[in-house]
Amino acid sequence: MDNSSQNWLHENFTHTGSAFGLRIKRKLEEVQSPFQKIEMYESTDWGNVMLIDGAMMVTTRDNFFYHEMMAHAPLFTHPNPKNVVIIGGGDCGTLREVLRHPGVVTAVQCDIDEQVTRMAEKYFPELCESNNDPRATVMFDDGIAYMQNAPAGSIDVIIVDSTDPVGPAEGLFNQAFYENCLKALRPDGLLVQQSESPLALMHLILEMRNAMRDAGFKDFRVLPFPQPCYPTGWWSCLIASKQSRDLASFRKADAAAKSFETNYYTADVHQGALAMPPLIERALKD
Ligand code: SAM
(Lines give C-alpha, C1' and ligand atoms only; values in the text may rest on other atoms or scores of the structure.)
Protein backbone atom coordinates (compact mmCIF):
# COMPACT_ATOMS: atom_id res chain seq x y z
CA MET A 1 0.00 0.00 0.00
CA ASP A 2 1.49 3.30 -1.08
CA ASN A 3 0.53 5.73 1.68
CA SER A 4 3.31 8.17 1.08
CA SER A 5 1.50 11.43 1.68
CA GLN A 6 3.46 13.61 -0.69
CA ASN A 7 1.55 12.57 -3.78
CA TRP A 8 -1.91 11.90 -2.29
CA LEU A 9 -4.80 14.34 -1.99
CA HIS A 10 -7.13 13.52 0.89
CA GLU A 11 -10.47 15.07 1.73
CA ASN A 12 -11.25 14.47 5.39
CA PHE A 13 -14.99 14.36 6.17
CA THR A 14 -15.21 15.66 9.72
CA HIS A 15 -18.90 14.78 10.11
CA THR A 16 -18.33 11.12 9.22
CA GLY A 17 -14.86 10.57 10.65
CA SER A 18 -13.80 9.24 7.27
CA ALA A 19 -11.77 10.43 4.29
CA PHE A 20 -11.33 9.91 0.58
CA GLY A 21 -7.96 10.04 -1.17
CA LEU A 22 -6.68 10.25 -4.73
CA ARG A 23 -3.10 9.82 -5.93
CA ILE A 24 -2.11 13.05 -7.56
CA LYS A 25 0.32 13.93 -10.37
CA ARG A 26 0.20 17.70 -9.93
CA LYS A 27 -1.87 20.70 -8.99
CA LEU A 28 -3.21 22.40 -12.10
CA GLU A 29 -4.68 25.67 -10.90
CA GLU A 30 -6.27 27.44 -7.96
CA VAL A 31 -8.66 30.39 -8.12
CA GLN A 32 -10.19 32.38 -5.27
CA SER A 33 -13.49 33.70 -6.62
CA PRO A 34 -15.68 36.21 -4.75
CA PHE A 35 -17.63 33.18 -3.48
CA GLN A 36 -15.30 30.19 -2.98
CA LYS A 37 -11.87 28.69 -3.55
CA ILE A 38 -11.70 26.45 -6.61
CA GLU A 39 -8.80 24.01 -6.99
CA MET A 40 -7.94 21.73 -9.86
CA TYR A 41 -5.62 18.72 -9.73
CA GLU A 42 -4.50 16.06 -12.20
CA SER A 43 -4.70 12.61 -10.63
CA THR A 44 -2.84 9.45 -11.67
CA ASP A 45 -5.98 7.35 -12.23
CA TRP A 46 -9.15 9.47 -11.91
CA GLY A 47 -8.44 12.19 -14.46
CA ASN A 48 -8.87 15.77 -13.33
CA VAL A 49 -10.30 16.64 -9.92
CA MET A 50 -12.19 19.81 -8.92
CA LEU A 51 -12.49 20.92 -5.30
CA ILE A 52 -14.56 23.83 -4.02
CA ASP A 53 -13.58 25.13 -0.59
CA GLY A 54 -11.70 21.88 -0.04
CA ALA A 55 -14.63 19.59 -0.93
CA MET A 56 -14.33 17.26 -3.93
CA MET A 57 -16.91 18.20 -6.53
CA VAL A 58 -16.04 16.39 -9.76
CA THR A 59 -13.55 13.85 -11.07
CA THR A 60 -13.24 12.83 -14.70
CA ARG A 61 -13.61 9.18 -13.70
CA ASP A 62 -16.73 9.10 -11.54
CA ASN A 63 -18.88 12.19 -12.20
CA PHE A 64 -21.32 10.26 -14.40
CA PHE A 65 -23.09 8.60 -11.44
CA TYR A 66 -24.20 11.95 -10.10
CA HIS A 67 -24.88 13.85 -13.33
CA GLU A 68 -26.90 11.00 -14.84
CA MET A 69 -29.06 10.40 -11.76
CA MET A 70 -29.61 14.12 -11.12
CA ALA A 71 -30.83 14.61 -14.69
CA HIS A 72 -32.41 11.41 -16.02
CA ALA A 73 -34.27 10.24 -12.91
CA PRO A 74 -36.39 13.43 -12.61
CA LEU A 75 -36.74 13.95 -16.37
CA PHE A 76 -38.06 10.43 -16.91
CA THR A 77 -40.30 10.88 -13.86
CA HIS A 78 -41.89 14.01 -15.34
CA PRO A 79 -44.57 13.30 -17.98
CA ASN A 80 -43.18 15.69 -20.59
CA PRO A 81 -40.34 17.99 -19.42
CA LYS A 82 -39.81 20.98 -21.72
CA ASN A 83 -38.47 23.80 -19.53
CA VAL A 84 -35.72 22.84 -17.08
CA VAL A 85 -33.77 25.04 -14.66
CA ILE A 86 -30.55 23.94 -12.96
CA ILE A 87 -29.56 25.89 -9.86
CA GLY A 88 -25.81 25.53 -9.37
CA GLY A 89 -24.32 22.89 -11.64
CA GLY A 90 -21.40 25.13 -12.62
CA ASP A 91 -19.30 22.19 -13.86
CA CYS A 92 -21.99 21.84 -16.59
CA GLY A 93 -22.24 18.04 -16.33
CA THR A 94 -25.90 18.06 -15.32
CA LEU A 95 -26.73 20.50 -18.14
CA ARG A 96 -25.11 18.15 -20.66
CA GLU A 97 -27.28 15.26 -19.47
CA VAL A 98 -30.48 17.34 -19.45
CA LEU A 99 -29.88 18.36 -23.07
CA ARG A 100 -29.69 14.73 -24.15
CA HIS A 101 -33.51 14.68 -23.83
CA PRO A 102 -34.89 15.71 -27.24
CA GLY A 103 -38.15 16.92 -25.69
CA VAL A 104 -36.37 19.56 -23.60
CA VAL A 105 -36.97 22.98 -25.19
CA THR A 106 -35.04 25.22 -22.77
CA ALA A 107 -32.42 24.45 -20.12
CA VAL A 108 -31.21 27.30 -17.91
CA GLN A 109 -28.17 26.83 -15.69
CA CYS A 110 -27.88 29.48 -12.97
CA ASP A 111 -24.66 29.21 -10.94
CA ILE A 112 -23.55 31.92 -8.55
CA ASP A 113 -19.88 31.55 -9.48
CA GLU A 114 -18.69 32.09 -13.07
CA GLN A 115 -15.22 30.92 -12.10
CA VAL A 116 -16.46 27.37 -11.60
CA THR A 117 -17.65 27.22 -15.19
CA ARG A 118 -14.51 28.88 -16.55
CA MET A 119 -12.37 26.30 -14.75
CA ALA A 120 -14.66 23.49 -15.96
CA GLU A 121 -14.26 24.70 -19.55
CA LYS A 122 -10.48 24.35 -19.15
CA TYR A 123 -10.24 21.08 -17.23
CA PHE A 124 -13.56 19.29 -17.93
CA PRO A 125 -14.29 20.32 -21.53
CA GLU A 126 -16.26 17.12 -22.05
CA LEU A 127 -18.79 18.25 -19.41
CA CYS A 128 -19.16 21.61 -21.19
CA GLU A 129 -19.68 20.17 -24.67
CA SER A 130 -23.38 21.14 -24.75
CA ASN A 131 -23.03 24.67 -23.41
CA ASN A 132 -23.56 26.10 -26.90
CA ASP A 133 -26.69 24.08 -27.54
CA PRO A 134 -29.28 26.66 -28.76
CA ARG A 135 -31.64 25.43 -26.01
CA ALA A 136 -29.10 26.18 -23.27
CA THR A 137 -28.69 29.38 -21.24
CA VAL A 138 -25.61 29.43 -19.00
CA MET A 139 -25.97 32.33 -16.58
CA PHE A 140 -24.34 33.49 -13.37
CA ASP A 141 -26.46 34.66 -10.46
CA ASP A 142 -27.60 33.62 -7.02
CA GLY A 143 -30.07 30.78 -7.44
CA ILE A 144 -32.06 32.19 -4.53
CA ALA A 145 -32.68 35.41 -6.48
CA TYR A 146 -33.35 33.47 -9.69
CA MET A 147 -36.20 31.56 -8.05
CA GLN A 148 -37.57 34.69 -6.38
CA ASN A 149 -37.95 36.27 -9.83
CA ALA A 150 -38.92 33.22 -11.89
CA PRO A 151 -42.38 33.67 -13.49
CA ALA A 152 -45.10 31.58 -11.84
CA GLY A 153 -45.88 28.32 -13.61
CA SER A 154 -42.95 28.60 -16.01
CA ILE A 155 -40.82 25.54 -15.20
CA ASP A 156 -41.35 21.77 -15.51
CA VAL A 157 -38.27 20.51 -13.60
CA ILE A 158 -35.98 22.36 -11.19
CA ILE A 159 -32.66 20.64 -10.47
CA VAL A 160 -30.72 21.99 -7.49
CA ASP A 161 -27.17 20.85 -8.13
CA SER A 162 -25.46 22.86 -5.43
CA THR A 163 -22.62 22.53 -2.99
CA ASP A 164 -23.32 21.48 0.59
CA PRO A 165 -25.78 23.59 2.63
CA VAL A 166 -23.12 25.97 3.88
CA GLY A 167 -21.84 29.28 2.52
CA PRO A 168 -23.56 30.48 -0.67
CA ALA A 169 -25.63 27.27 -0.94
CA GLU A 170 -27.15 27.47 2.54
CA GLY A 171 -30.17 29.42 1.30
CA LEU A 172 -30.99 26.68 -1.22
CA PHE A 173 -32.06 24.30 1.53
CA ASN A 174 -34.88 26.18 3.28
CA GLN A 175 -38.64 26.65 3.13
CA ALA A 176 -38.51 30.16 1.63
CA PHE A 177 -36.49 28.90 -1.34
CA TYR A 178 -38.77 25.89 -1.78
CA GLU A 179 -41.84 28.16 -1.74
CA ASN A 180 -40.37 30.10 -4.65
CA CYS A 181 -39.61 26.85 -6.47
CA LEU A 182 -43.21 25.69 -5.94
CA LYS A 183 -44.57 28.95 -7.40
CA ALA A 184 -42.28 28.77 -10.43
CA LEU A 185 -43.25 25.16 -11.23
CA ARG A 186 -46.20 24.16 -13.43
CA PRO A 187 -48.84 21.99 -11.70
CA ASP A 188 -47.14 18.69 -12.72
CA GLY A 189 -43.70 20.17 -11.98
CA LEU A 190 -40.89 18.44 -10.07
CA LEU A 191 -38.09 19.68 -7.85
CA VAL A 192 -34.97 17.51 -7.46
CA GLN A 193 -32.10 18.39 -5.16
CA GLN A 194 -28.83 16.67 -4.31
CA SER A 195 -29.53 15.44 -0.80
CA GLU A 196 -26.13 14.32 0.46
CA SER A 197 -25.26 10.94 1.97
CA PRO A 198 -28.08 8.86 3.55
CA LEU A 199 -25.39 7.11 5.61
CA ALA A 200 -23.92 10.30 7.05
CA LEU A 201 -26.60 12.99 6.81
CA MET A 202 -29.99 11.28 6.97
CA HIS A 203 -31.20 14.03 9.33
CA LEU A 204 -30.51 16.61 6.60
CA ILE A 205 -32.61 14.63 4.12
CA LEU A 206 -35.44 14.63 6.68
CA GLU A 207 -35.05 18.38 7.22
CA MET A 208 -35.12 18.98 3.46
CA ARG A 209 -38.22 16.81 3.03
CA ASN A 210 -39.99 18.58 5.89
CA ALA A 211 -39.11 22.05 4.57
CA MET A 212 -40.32 21.08 1.09
CA ARG A 213 -43.55 19.71 2.60
CA ASP A 214 -44.03 22.88 4.66
CA ALA A 215 -43.49 24.85 1.44
CA GLY A 216 -46.39 22.96 -0.14
CA PHE A 217 -44.80 20.09 -2.06
CA LYS A 218 -46.95 17.00 -1.91
CA ASP A 219 -44.96 13.81 -2.50
CA PHE A 220 -41.28 12.88 -2.08
CA ARG A 221 -38.84 10.20 -3.09
CA VAL A 222 -35.22 9.67 -2.10
CA LEU A 223 -33.13 8.00 -4.81
CA PRO A 224 -29.80 6.70 -3.51
CA PHE A 225 -26.88 6.12 -5.84
CA PRO A 226 -23.11 5.54 -5.65
CA GLN A 227 -20.80 8.53 -5.80
CA PRO A 228 -17.29 7.35 -4.85
CA CYS A 229 -15.58 10.72 -4.36
CA TYR A 230 -18.29 12.12 -2.04
CA PRO A 231 -18.45 11.45 1.73
CA THR A 232 -19.15 7.72 2.37
CA GLY A 233 -19.49 7.07 -1.39
CA TRP A 234 -23.27 6.63 -1.03
CA TRP A 235 -25.20 9.70 -2.24
CA SER A 236 -28.79 10.62 -2.99
CA CYS A 237 -31.19 12.98 -4.63
CA LEU A 238 -34.58 14.01 -3.27
CA ILE A 239 -37.44 14.42 -5.76
CA ALA A 240 -40.56 16.39 -4.75
CA SER A 241 -43.79 16.93 -6.70
CA LYS A 242 -45.92 20.07 -6.75
CA GLN A 243 -49.10 18.06 -6.97
CA SER A 244 -49.80 14.70 -5.39
CA ARG A 245 -48.60 11.80 -7.56
CA ASP A 246 -46.81 8.47 -7.30
CA LEU A 247 -43.10 9.27 -7.66
CA ALA A 248 -42.36 5.53 -7.85
CA SER A 249 -43.99 5.66 -11.27
CA PHE A 250 -41.82 6.90 -14.15
CA ARG A 251 -41.72 6.74 -17.95
CA LYS A 252 -39.97 3.36 -17.84
CA ALA A 253 -40.56 2.49 -21.48
CA ASP A 254 -39.19 5.87 -22.58
CA ALA A 255 -36.16 5.41 -20.31
CA ALA A 256 -35.59 1.90 -21.70
CA ALA A 257 -35.83 3.26 -25.25
CA LYS A 258 -33.62 6.29 -24.59
CA SER A 259 -31.68 7.45 -27.65
CA PHE A 260 -28.48 8.32 -25.77
CA GLU A 261 -25.64 6.43 -24.13
CA THR A 262 -25.12 6.47 -20.36
CA ASN A 263 -22.58 4.89 -18.01
CA TYR A 264 -24.88 4.33 -15.06
CA TYR A 265 -28.51 5.38 -15.54
CA THR A 266 -30.89 2.89 -17.15
CA ALA A 267 -34.59 2.22 -16.67
CA ASP A 268 -33.69 -0.77 -14.47
CA VAL A 269 -31.19 1.26 -12.40
CA HIS A 270 -33.93 3.85 -11.89
CA GLN A 271 -36.33 1.09 -10.87
CA GLY A 272 -33.71 -0.26 -8.47
CA ALA A 273 -33.15 3.14 -6.90
CA LEU A 274 -36.86 3.20 -6.06
CA ALA A 275 -36.44 0.14 -3.81
CA MET A 276 -36.25 1.95 -0.50
CA PRO A 277 -33.61 0.68 1.95
CA PRO A 278 -35.09 0.31 5.48
CA LEU A 279 -32.50 2.80 6.78
CA ILE A 280 -34.10 5.53 4.67
CA GLU A 281 -37.69 4.32 5.00
CA ARG A 282 -37.48 4.28 8.81
CA ALA A 283 -35.92 7.75 8.94
CA LEU A 284 -38.55 9.31 6.66
CA LYS A 285 -41.52 7.65 8.33
CA ASP A 286 -43.48 10.35 10.17
N1 SAM B 1 -22.05 17.73 -7.42
C2 SAM B 1 -21.65 18.72 -6.43
C3 SAM B 1 -22.16 18.35 -5.05
O4 SAM B 1 -23.07 17.51 -4.93
O5 SAM B 1 -21.63 18.95 -4.09
C6 SAM B 1 -22.14 20.06 -6.86
C7 SAM B 1 -21.45 20.49 -8.11
S8 SAM B 1 -21.59 22.15 -8.61
C9 SAM B 1 -19.92 22.50 -8.85
C10 SAM B 1 -22.05 23.03 -7.16
C11 SAM B 1 -22.28 24.47 -7.54
O12 SAM B 1 -23.21 25.11 -6.66
C13 SAM B 1 -21.03 25.35 -7.50
O14 SAM B 1 -20.63 25.65 -8.81
C15 SAM B 1 -21.46 26.60 -6.73
O16 SAM B 1 -20.94 27.80 -7.29
C17 SAM B 1 -22.97 26.51 -6.85
N18 SAM B 1 -23.73 27.31 -5.86
C19 SAM B 1 -23.56 27.36 -4.52
N20 SAM B 1 -24.45 28.23 -3.98
C21 SAM B 1 -25.20 28.72 -5.01
C22 SAM B 1 -26.28 29.64 -5.10
N23 SAM B 1 -26.79 30.25 -4.00
N24 SAM B 1 -26.82 29.89 -6.32
C25 SAM B 1 -26.32 29.28 -7.44
N26 SAM B 1 -25.30 28.39 -7.42
C27 SAM B 1 -24.74 28.13 -6.21
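Couple of notes before you dig in:
- Nearest-ten-degree value, helix 202-215 long axis tilted from longest Cα axis of the chain: 30
- Of the solvent-accessible surface of the range 63-284, computed with a 1.4 Å probe and all protein chains present, 52% belongs to carbon and sulfur.
- Cross-link partners of Lys25 among lysines, defined as those whose alpha carbon lies under 22 angstrom from its own and excluding same-chain residues fewer than eight positions apart: Lys37, Lys122.
- Annotation: per residue accessible area for the chain equals 41 Å², rounded to a whole number [probe 1.4 Å, protein chains only].
- Distance (nanometres) between label positions extended 7 Å along Cα→Cβ at Asp53 and Ala19: 2.2
- Using only the C-alpha atoms, the convex hull of the range 88-207 corresponds to 120 Å³ per residue.
- Kirkwood analysis of the range 63-284, using all unique Cα-Cα pairs, places the hydrodynamic radius at 17.1 Å.
- Note on the chain: GNM, Cα springs under 10 Å; of Val85, Val105, Val160, the largest mean-square fluctuation is that of Val105.
- Expected 222 nm ellipticity per residue - DSSP helices of 4 or more, -39500 (n - 2.57), all of the chain, to 500: -8000 deg cm²/dmol
- Ordered from longest to shortest, the equivalent ellipsoid semi-axes for the range 154-286 are 22, 19, 15 Å, each the square root of 5 times a Cα gyration tensor eigenvalue.
- Beta bridges assigned by DSSP with both partners in the chain are antiparallel in approximately 65 percent of cases.
The values are calculated or read from the model by the stated rules, or taken from the named source; none is laboratory data. For clarity, every value in this text was computed on a predicted model and none was experimentally measured. Glycine also receives a Cβ, built like all others from the backbone with ideal geometry; neighbour counts cover every protein chain displayed. Just so you know, the surface numbers come from the protein's heavy atoms only, side chains and all, with ligands and any DNA or RNA stripped out. Shrake-Rupley method; radii C 1.70, N 1.55, O 1.52, S 1.80 Å.
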